[in-house]
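The structure appears right after this line, and notes come after that.
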């Protein structure tokens with residue numbers, strides 16, 4: 001018990017004294033994950049719209065596949081990317097292995113099915129006639145999409161928050177394609193795994209506290225915005 005208290009106290013000291021290594025790891029983690037979500041959200045929205053309002057062969061099969069891929073293990077994605085990006089792989093010439101670029105690609109793959117599934121569920125709650133009316137009145141596809149997205153904005157925000165939470169806390173893919181390189185690809189989950197394996201819990205506790213605080217802050221912000229909107233209506 002004393003050891004846990006001491007480690008927690010040291011973790012707080014590291015956080016509040018601005019330990020350079022701690023906050024560098026936090027910055028890398030947030031930078032990679034924010035970029036991954038930023039890049040993949042537009043494709044996820046388009047895909048969700050196609051599944052919700054499209055009428056093409058195999059649509060139900062695709063919906064089933066997307067829902068199944070929500071639980072895709074991060075380590076499997078990491079393994080596949082490692083094989084593709086290694087020097088003997090088909091994309092080895094890109095020299096992306098053990099870079100932040102590879103981590104971003106891996107996190108985009110992990111976030112995509114979750115984003116599509118959650119946005120698709122939100123779109124299913126909107127009457128199809130809203131889409132059809134917008135198109136009948138001459139709205140372009142993108143204008144009609146914007147109109148529908150206003151209706152499901154909280155579902156969209158929730159999907160983005162969930163997608164970010166999924167990728168910022170994953171360790172399997174990041175450690176395989178990023179290499180856990182200090183000052184370059186070491187993010188919060190890989191640093192926690194490394195420090196815990198060495199028996200040095202102070203840094204792990206500090207970084208874990210950052211993740212928990214972020215999760216609480218994001219969910220509180222979503223709940224606050226939604227509450228204010230409901231109050232206005």
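Each reported figure results from applying straightforward, stated rules to the coordinates on display, with no laboratory input. Quantities reported herein were computed from a predicted structural model and do not represent experimental measurements. Note that each Cβ is placed from the backbone with ideal geometry, even for glycine, and that neighbours are counted across all protein chains shown.
Per-structure values
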quantity: For the stretch 76-196: rounded, prolate or oblate by the Cα gyration tensor [a/c cutoff 1.5]; calculated: prolate
quantity: Distance between the stretch 84-116 and the stretch 32-64 - C-alpha centres, whole angstrom; calculated: 19
quantity: Helical contribution to [θ] at 222 nm, DSSP H n ≥ 4, -39,500 (n - 2.57), averaged over the chain, rounded to 500; calculated: -26000 deg cm²/dmol
quantity: Theoretical gain in end-to-end length, residue 56 to residue 76 [0.36 nm per residue, Cα-Cα removed]; calculated: 4.2 nm
quantity: Rg to Rh quotient for the chain, alpha carbon positions, Kirkwood Rh; calculated: 1.05
quantity: Contact order normalised by residue count of the stretch 2-232, Cα under 8 Å, 6+ apart, percent; calculated: 30
quantity: FRET efficiency, 1/(1 + (r/R0)^6) with R0 35 Å, evaluated for residue 220 and residue 13 via beta carbons; calculated: 0.85
quantity: Listed peptides 185-198, 80-93, 100-113 by packing density, highest first (mean Cβ within 10 Å); calculated: 100-113, 185-198, 80-93
quantity: FRET efficiency, residue 27 to residue 141 (Cβ-Cβ, R0 25 Å, nearest 0.05); calculated: 0.05
quantity: Angle between the chain longest axis and helix 100-124 axis [Cα atoms, degrees, rounded to 10]; calculated: 40
quantity: The chain: most fluctuating residue of 128, 15, 218 per GNM, C-alpha cutoff 10 Å; calculated: 128
